[in-house]
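Okay, so here's the structure we're looking at.
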Amino acid sequence: MSGVFAISEKILTKHLEVGGQTLLAGEVKVSGAKNSALVLLAATLLTKELVKIENVPELTDIDVMSELLSASGAKIFREKNHISVQTNQLSTKPLPDKLVHALRASFVCIGPLLARNGEVKMPLPGGCQIGKRPVDLHVKALSALGAHVEVNNGIVHAKVINKNRQLIGANIKFNFQSVGATETIIMAASLAKGETIIKNAAQEPEIQDLANMLNSMGAKIHGAGTSTITIHGVSKLHGCEYSVIPDRIEAGTFLIAAAITRSPLFIYPIIPNHLDALISKLNECGCSTTILNNGIKIIPSKIKSVNISTSPFPGFPTDLQAPFMALMSTAEGTSIFKENIFEDRMKHVNELKKMGANIDLIDEKTAIVKGVNKLHGGTVLGSDLRSAAAMVLAGLFAEGTSHIEGLHHLDRGYEKFEDKLVSVGARLTRYFSGRNAQPLKSQCQETNSQSSPFEPEVA
Ligand code: UD1
């Protein structure tokens, strides 16, 4: 496996140069959903049999998860967007700190490892620095299923203490909806004895994707996609072939790219109802959208301000808050942004201000954005995955050239982001520090570049 190596290579990336005042045109193909693929890979640990997963995006987060599976005893075959995993024998060694710290989603491995082995030691996770992100809900719910869980020196040690070392179904009510905790418990309960009912479960499409794959492996899960999920535990799961759903956050990012550049784009494939909250905000702010076949066509006109308040699915996704704030920085009027999921997800505000945005941060979770006619290029930092994408979008609109740092965040979650943008007309060049000091133009740049002079259509 080359995942850790891949990560250190990406950290050498210095910045992305983004040409401003760009018009885009054409169509963008959306990759498989990162957040689904990560948890589906973890779910492969629930069976000894071969699981083949298609449409897995090539991302550094997926590299890390693949390495975690290897460290857990899995044999992995990977070719482009296809990953096959078989885990005859689980390893009993604690998972390496370095991998778990690199990826918060790695923590969901605790569910399958505990369900299959009866015992697991996991370091506390890492991931984007967007708040405290504790794992107390995962831990409490695993305890409810009969595990004894201790956290000492940053290591979670969970052990099933009954004679058969088998988790026991239970009624679990989360005090708020957590995607990760819901996924952990669905996986753990799939091999538990008896019935588990999760109340106030997260309803995200990625939860439905997990339940669909597990059901095709022989699990008995009902209600995924609603706030009450029932899992009848089975004694074993078998292999399957499964394809990951399209990435709604990636699709959303490209829809916002169209809006901020005032350009028409066709984005496909999508599952329209996964994007309802975003589409409704895009329509409200002045974009016309049409669902065509398996995709969506967006035609922006004059962009007006709308308010954004993030909430669990089907509400407006926190993962699109930063890109949408970049858009609203260029709109006519004033918008209020409320971030209700994470307590520290406003770091992009200062970076957007460096480019000329007029934003007041009222508190950690509230920003008031007054749209401006112009942003200007600058050197800015994407401090987490989605704010890095937001900075690239702001750079496409800005006058002049921008330099976006923090690209290792971008590479965690957007497959071929630059190539896709360049194929519809963006001018992007990636620069490396250290021994890779040469600029790297995206593969499509020479053939497809089609920048245009641009008058922003805003007040
Ligand atoms: C997942 C997504 C992430 C998205 C988020 C919310 C993956 C890999 N990541 O993250 O892109 O932004 O859902 O849609 O799927 N919390 C606790 N205790 C817990 C668990 C969570 O307090 O045990 C809190 C978190 O700190 C956060 C909130 O609950 O404030 C929501 O977190 P959660 O839904 O669990 O997000 P993730 O699964 O980490």
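The values are calculated or read from the model by the stated rules, or taken from the named source; none is laboratory data. Here the structure is a predicted model, which means the values were calculated and not measured. Reconstructed Cβ throughout: ideal geometry from the backbone, glycine too, with neighbour counts over all protein chains shown.
Report yes if GLU150 is over 30 Å from THR60 (Cβ atoms), more than 20 Å from the chain's Cα centre (by Cα) and of a type in the set (Asp, Glu), otherwise no.
Judged against the criteria, GLU150 is a match.
Does SER383 satisfy being within 18 Å of GLN321 (Cβ to Cβ), assigned to a helix (DSSP H, G or I) and touching a residue at least 12 places away in the same chain (Cβ under 8 Å)?
Judged against the criteria, SER383 is not a match.
Hey, any hits in segment 288-298 for a residue that's of a type in the set (A, V, I, L, M) and surrounded by fewer than 16 Cβ atoms within 10 Å (Cβ to Cβ)?
Yes: one or more hits.
What do you reckon, is MET325 within 16 Å of the ligand (Cβ to nearest atom), part of a helix (DSSP H, G or I) and touching a Leu at 6+ places or on another chain (Cβ under 8 Å)?
When the stated conditions are applied, MET325 passes them.
For residues that are buried (at least 24 other Cβ atoms within 10 Å of the Cβ) and in contact with a Ser or Thr (Cβ under 6 Å, 6 or more places away or on another chain), tally how many sit in segment 373-392.
Qualifying residue count, segment 373-392: 1.
Let's see how each residue does on (1) under 25 Å from LEU167 (Cβ atoms); (2) in a helix (DSSP H, G or I):
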| residue | (1), (2) |
| --- | --- |
| LEU23 | no, no |
| VAL28 | no, no |
| LYS48 | yes, no |
| PRO94 | yes, no |
| SER106 | yes, yes |
| CYS109 | yes, yes |
| PRO112 | yes, yes |
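Among (1) closer than 21 Å to ILE341 by Cα; (2) not in a helix (DSSP H, G or I), where does LYS121 come up short?
Checking LYS121 against (1) closer than 21 Å to ILE341 by Cα; (2) not in a helix (DSSP H, G or I), the one that fails is (1).
Under 8 Å between Cβ atoms, at least 6 apart or on separate chains: pull out the pairs that start in segment 50-78 with a residue that is under 16 Å from LYS93 (Cα atoms) and end on any residue that is part of a helix (DSSP H, G or I) and β-branched (Val, Ile, Thr).
Sorted first by the residue in segment 50-78, then by its partner, the pairs are GLU67/VAL4; LEU68/VAL100; LEU69/THR44; ALA74/THR44.
With the structure loaded, tell me whether ILE249 is touching a Ser or Thr at 6+ places or on another chain (Cβ under 8 Å), touching a residue at least 12 places away in the same chain (Cβ under 8 Å) and within 13 Å of the ligand (Cβ to nearest atom) or whether it fails that test.
In short, no.
Among the residues of segment 147-162, is any in contact with a helix residue (DSSP H, G or I) (Cβ under 8 Å, 6 or more places away or on another chain) and near the ligand (Cβ under 10 Å from one of its atoms)?
no
For segment 1-28, how many residues meet the condition of being surrounded by fewer than 17 Cβ atoms within 10 Å (Cβ to Cβ), under 22 Å from the mean Cα position of the chain (by Cα) and at pLDDT 95 or above?
The total comes to 1.
Can you find a residue that is among the charged types (D, E, K, R), in contact with a helix residue (DSSP H, G or I) (Cβ under 6 Å, 6 or more places away or on another chain) and crowded, with 22+ Cβ neighbours inside 10 Å anywhere in segment 340-349?
No, because not a single residue in segment 340-349 is among the charged types (D, E, K, R), in contact with a helix residue (DSSP H, G or I) (Cβ under 6 Å, 6 or more places away or on another chain) and crowded, with 22+ Cβ neighbours inside 10 Å.
Any chance segment 184-207 includes a residue that's of a type in the set (Asp, Glu), more than 18 Å from SER311 (Cα to Cα) and buried (at least 19 other Cβ atoms within 10 Å of the Cβ)?
Checking segment 184-207: not a single residue is of a type in the set (Asp, Glu), more than 18 Å from SER311 (Cα to Cα) and buried (at least 19 other Cβ atoms within 10 Å of the Cβ).
State whether the residues of segment 345-354 include one that is out of contact with any Leu (no Cβ under 7 Å at 6 or more places or on another chain) and at pLDDT below 95.
yes
Is it true that some residue in segment 108-115 is surrounded by fewer than 21 Cβ atoms within 10 Å (Cβ to Cβ) and modelled with pLDDT under 95?
Scanning segment 108-115, I find no residue that is surrounded by fewer than 21 Cβ atoms within 10 Å (Cβ to Cβ) and modelled with pLDDT under 95, so the answer is no.
For residues that are within 16 Å of the ligand (Cβ to nearest atom) and part of a loop (DSSP other than H, G, I, E, B), tally how many sit in segment 163-196.
Number satisfying all stated conditions: 5.
Just a yes or no: is a residue in segment 34-46 away from the ligand (no atom under 13 Å from the Cβ) and in a loop (DSSP other than H, G, I, E, B)?
Looking for residues that are away from the ligand (no atom under 13 Å from the Cβ) and in a loop (DSSP other than H, G, I, E, B), one finds none in segment 34-46, hence no.
So which residues in segment 145-162 are in a loop (DSSP other than H, G, I, E, B) and of a type in the set (A, V, I, L, M, F, W, C)?
LEU145, ILE161
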